[in-house]
Each structure stands twice: as C-alpha cells, then as structure tokens.
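Comments concern the structure below.
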Amino acid sequence: MLTPRRMKNPKADPHIEIKAIYAEVERRPLPRQCAMRTGCCHFRLAGHTPLLTRGEALYAAQGVRASGRKALKPHPDGACPLLGRDGRCTIYTHRPFGCRTHFCAEAGGMYPRKHVADLIQRLEALDEQLGGSGSRPLEAAVSAALAEK
C-alpha cells in the first residue's frame, strides 16, 4: 500500500501540494481523446459533477480570482460555472483533479483508480490537514473557498 506524501506545513501554502499532485497526474498520461470537447463540463447533461477536496477548491478559487471574478454564478444550462462565454474553461491551469483525469466518457472515461489511487490519497490527506470535510460538488466547494478571503 502506498503512503501519501505529507506536507510539512500545508497551512502555509496548500497550493504547493496541489500543484505537485497535478504535475504528477500529467506525468501519467493514459490514452485520451479530449480536444476541449467540454461535454463533461455540461453537468446536467453528463449526469455528474466533479467533487473537490478543500485543497483543490482553494486552488480553483485562486484561478477564479486570477480570471478577474470574485464569485461563481450558476450556469443557466446546468453546465460548469467555470466555463467562459467562449465555452472554454476559465481556470484551465487550476482545473480540479476530476477534470484532469477526464471523467468524460467521450474523452476515454475516468482514469482507472489503480493509476491514480496514490494521488487521491494525497488529496484526501491534504483535505484532512486543511480541516476539510471530504469532497464536495465543484460549485459549492469553490464558492466556499472564494468566500474565505
């Protein structure tokens, strides 16, 4: 069993661990056919919403602020509130783990858990260290993180 790598002081900057986890998932490419299809970003149609840990939500909120926004507005069609008017992700470099591991069936489906279990454990360990309460739906998690500062 793999043991998640622990941060020495996650409260100092949880973004460092999130970036490390996201960089690691990028080094584990599995065959994907995603070309910005955004079908998975239309949550109501896709039938699922990404769940974010506290660390992921804080990192996504940083991306939202960098895009010039202070809050999320629900998308009228039930799509991801992070989609811009051009239909593209406004926080692409800050997108959550679920988006990075392509839970979208059209792009190849979810990464098999065995390929990312250690990274999920790291996300969960960081969530615990940050006082999180487990994964939450994207909109609620990011909105709560935005409200903190």
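Please treat every number below as a calculation from the coordinates, not as lab data. All values reported here derive from a predicted model rather than from experimental measurement. Counting neighbours? That spans all protein chains shown, and the Cβs are built from the backbone with ideal geometry, glycine included.
Quick look at the values:
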{"quantity": "Gained length - Arg27 relative to Arg44, 0.36 nm times residue gap less alpha-carbon distance", "calculated": "3.1 nm"}
{"quantity": "Amide H within-cut-off set for Leu52, under 5 Å, with H built and near neighbours excluded", "calculated": "Arg136, Leu138"}
{"quantity": "Total charge dipole magnitude, region 46-147, about the Cα centre, Cβ charges on Lys, Arg, Asp, Glu only, Debye to nearest 20", "calculated": "280 debye"}
{"quantity": "Under 5 Å, built H, 5+ apart or other chain: amide partners of Cys89", "calculated": "Gly84"}
{"quantity": "Backbone HN-Hα couplings from phi across region 68-84 [Karplus 6.51/-1.76/1.60, Hz, Gly and Pro as x]", "calculated": "x, 9, 10, 8, 9, 10, x, 6, x, 9, x, 7, 4, x, 8, 6, x"}
{"quantity": "Using alpha carbons only: equivalent-ellipsoid semi-axes of region 46-147, gyration tensor based, whole Å", "calculated": "21, 18, 11"}
{"quantity": "In Hz, Karplus ³J(HN,Hα) per residue of region 39-50 (6.51, -1.76, 1.60; θ = phi - 60°; x = Gly, Pro)", "calculated": "x, 6, 7, 9, 3, 4, 6, 6, x, 7, 10, x"}
